[in-house]
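Please read the structure below before turning to the comments.
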Amino acid sequence: VFSGSLSAPLAQGRHGEVLFLDFIAGLNLGGALVQQTNPSAAVSTRLGYRFLSNDHRWIYGLNAGIDTRQAYSQYAFQVGAGAEALHRDVELRANAFIPFSNKSELYATGWTNASLINNQLILDGWNRYIVSLGGINLEVGIPLARWGKESLWLYGAYYYLDGNYVSASSGVRGRAELRVGHQLSVGGSLA
């Protein structure tokens, strides 16, 4: 998977408030870990607003946008919305996802478990679906180390997902992010 992102301020106020646009695009080339071998694309956009607290110690923000990802021949769409509170020593984020198009697409059907009972052929049918999931993601991050303009942050998150034809699931995720200066960050995650 290859991905890239772009954040652009659209307007900035005198007291540090900013209206911004985020754009993230990804390309999945397929392979052994996914069921499809054709390349697929995904795009996420967010329009957001951030502002400083009166004492300038916290940054608060709200954002909303549209996400889409390719699922075989169709695209699935969802609304994403989030809130954040950022401080020098802690970052808090909450995000919600609501699918609204192609919530479940049938992509394969078949038959299995053939048996002969009383001169009748009995077959079990099956269907496979691409399912868009709705849910929430809650994340907390703290700085593990700081040196110069660089820092290493660790994040812990809880997520809950649900959708058509699947049982609801939840879990935890960890993420590390190395921030180099104010313009570059590199990281990895484990769920």
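Results, tabulated for the structure shown:
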{"item": "Region 39-63, residues that are farther than 30 Å from Q74 by Cβ and not charged (D, E, K, R)", "result": "Y49, F51, L52, S53, N54, H56, W58, I59, Y60, G61, L62"}
{"item": "R50 vs. criteria surrounded by 17 or more Cβ atoms within 10 Å (Cβ to Cβ) and either of a type in the set (D, E) or modelled with pLDDT of 80 or more (or both)", "result": "yes"}
{"item": "Filter pass, R179 being open to solvent by less than 60 Å² (accessible area, probe 1.4 Å) and under 24 Å from S40 (Cβ atoms)", "result": "no"}
{"item": "Failed item in (1) within 18 Å of R88 (Cβ to Cβ); (2) surrounded by 12 or more Cβ atoms within 10 Å (Cβ to Cβ); (3) out of contact with any Phe, Trp or Tyr (no Cβ under 6 Å at 6 or more places or on another chain); (4) touching a residue at least 24 places away in the same chain (Cβ under 8 Å), with K149 passing the rest", "result": "(2)"}
{"item": "Single residue of L19, L62 found to be part of a strand (DSSP E or B), at pLDDT 95 or above and open to solvent by 90 Å² or more (accessible area, probe 1.4 Å)", "result": "L62"}
{"item": "Members of region 155-176 that are under 13 Å from S189 (Cα atoms) and either assigned to a loop (DSSP other than H, G, I, E, B) or open to solvent by less than 50 Å² (accessible area, probe 1.4 Å) (or both)", "result": "Y155, G156, A157, G174, A176"}
{"item": "When residues of region 69-85 are limited to those that are crowded, with 17+ Cβ neighbours inside 10 Å and either of a type in the set (S, T, N, Q) or modelled with pLDDT of 95 or more (or both), the one farthest from W153 (Cα to Cα)", "result": "Q70"}
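The values are calculated or read from the model by the stated rules, or taken from the named source; none is laboratory data. Predicted model, so just to flag it, every value in this text is computed and none were measured. No Cβ is skipped: glycine too gets one built from the backbone with ideal geometry, and neighbour counts run over all protein chains shown. Surface accessibility is based on the protein's heavy atoms, side chains included, excluding ligands, DNA and RNA. Shrake-Rupley method; radii C 1.70, N 1.55, O 1.52, S 1.80 Å.
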